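Let me give you the structure first, and then I'll get to my questions.
Bear in mind these aren't lab numbers, they're just calculated from the coordinates by the rules spelled out. Not measured: the values here are computed from a predicted model. Counting neighbours? That spans all protein chains shown, and the Cβs are built from the backbone with ideal geometry, glycine included.
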Amino acid sequence: MTDTFQALLVDENREAKLQTLSIADLPDEAVLVDVEYSTLNFKDGLAVSGASPICQKLPMVCGIDLAGTVSESKDSRFNIGDKVLANGYGLSERHWGGYSPKQRVNPDFLLTIPAEFSSQQAMAIGTAGYTAMLCVNAIRDHGVLPSDGPILVTGSVGGVGSVAIMLLSALGYEVTAATGRPEQEGYLKTLGASSIVTRGELARKSKPLERELWAGVVDTVGSTTLATALSQVKYNGIAAVCGLAGGLDLPGNMMPFILRNVRLQGCDSVMAPMAVRVRAWADLAAYLDLSLLATATIVEPLSRVPTLAQEIIQGKVKGRVVIDVNS
Ligand code: NDP
């Protein structure tokens, strides 16, 4: 067995490069994971491209997600051979992440992969899919029923959006998908959307209150898109928001909250408590159609990540990208 391997590091100059590491280079954490797959999320794009200073310590092995098999453990919760995954918890920010065939991980960050999923399927879900589940659960927990009206999903061709459509549709909700890529209408309808709105219909200056359209919103875009969506949420509805692909501002107003009792619910995946994660992964196992997920997923080698990082921050990636860290 060779004791060196190639990992994707962001160096002290914030340049992402494949570098040769050995196990001795890995951080001093209690569980050694033979990583099989990682993923590409928007945040990975920001970290690897250097578009945003995601990596707080350098050098940093990027990759906010990982899935693989435990090969050494000093922690009683995990044994050699266990199939595990990690999402967020500061991977790629303060802790080395998944763009490496081997990684030592804090056991507090690890979950057992649900039996329904292979490690590749777990990473086809990844942070994007798990965050989609958090948003959908926020809508369900607010008491919104399929009979209350359609759910709007923004940034819908992206990773979070694509999985949110699959989940909402499986749960019986009518889904309207907002996209800047109307040529992807066929893809979005295959995932479960029943109608499409174009990005420009939302990314504009909105009135304080507009016609009530949505019982709920899953928003990955922010800015004018979210402000317009909020002005269209029905009485007692909810916007579950997780992303800022369109900008980090929110040029809206108070009217939806004080006149329509609308809830604006933030959804964070990175520091979500373990119980929230366990529930989300159990719900993903219950509701996600894995054959549909496969149609929205491609697998790419680790060497392609720097190029893919540029593409995802330019809004050019469709669905989910799994990274095979061993190829
Ligand atoms: P993707 O790049 O896969 O999807 C983002 C989508 O947003 C794009 O596909 C595009 O959809 C749309 N978009 C891109 N740029 C713009 C723009 N300028 N204006 C309007 N729409 C735009 O990213 P992810 O799905 O992985 O992540 C989506 C967002 O959610 C990101 O901001 C990410 O950081 C955030 N996120 C937050 C998490 C949390 O814990 N809070 C966890 C995971 C993600 P289309 O082509 O259909 O218009």
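Counting only other residues whose beta carbon sits under 13 Å from that of residue 170, what net charge do I get with K and R as +1, D and E as -1?
-2
Take peptides 317-327, 11-21 and line them up by average Cβ neighbours within 10 Å, highest first, as a rough protection proxy.
Final packing ranking: 317-327, 11-21.
May I ask which of 102/316; 17/102; 57/102; 189/318; 205/316; 43/316 have a Cα-Cα span longer than 23 Å here?
Pairs exceeding 23 Å: 102/316; 205/316.
Same structure, new question: So what's the net charge close to residue 310: Lys and Arg +1, Asp and Glu -1, counting the other residues with Cβ under 12 Å from its Cβ?
Once positives and negatives cancel, what remains is 0.
While we're on this one: Fewest first, what order do 123, 255, 166, 271 take by the number of other Cβ atoms within 10 Å?
On the way: 123 34, 255 15, 166 28, 271 9.
Least to most surrounded, the residues fall as 271, 255, 166, 123.
Further, regarding this structure: Could you give me the radius of gyration and the Dmax of the stretch 165-285, taking only the C-alpha atoms into account and expressing both in angstrom?
When restricted to the Cα atoms of the stretch 165-285, Rg and Dmax are 14.8, 40 Å.
Restricted to Cα positions, what overall size does the chain have along the principal axes? Three whole-Å values, descending.
63, 39, 35
Additional query: Please tell me the relative contact order of the stretch 174-327 in percent, rounded to the nearest whole number, where contacts are Cα pairs under 8 Å and at least six residues apart.
Values: 223 pairs, mean separation 23.2, N = 154.
This gives 15 percent for the stretch 174-327.
At 10 °C and 1.306 mPa s, grab the translational diffusion coefficient of the stretch 187-237 from Stokes-Einstein with a Kirkwood Rh over Cα pairs, rounded to a whole number in µm² per second.
Estimated diffusion coefficient is 136 µm²/s.
If I model a spin label at residue 190 and residue 74 as a point 7 Å from the Cα along the Cα→Cβ vector, what separation in nanometres do I get?
In this crude spin-label approximation the distance works out to 4.8 nm.
Another question about this same structure. Normalised by the residues of the chain, what does the relative contact order come to in percent, with Cα pairs under 8 Å and at least six apart?
19
Now, a different point. What is the dipole size for the chain, taken about its Cα centre, with +1 at each Lys and Arg Cβ and -1 at each Asp and Glu Cβ, in debye to the nearest 20?
Charge dipole, the chain, about its Cα centre: 940 debye, nearest 20.
So what's the stretch 115-212 giving for Cα Rg divided by 2.2 N^0.38 Å, two decimals?
Normalised Cα radius of gyration, the stretch 115-212: 1.13.
How big is the dipole moment of the stretch 127-266 about its Cα centre under a simple scheme where the beta carbon of each Lys and Arg is +1, that of each Asp and Glu is -1, and everything else is neutral? Debye, nearest 20, please.
Value, rounded to 20: 200 debye.
Taking the convex hull of the alpha carbon atoms in the stretch 55-141, what volume per residue do you get, in Å³?
113
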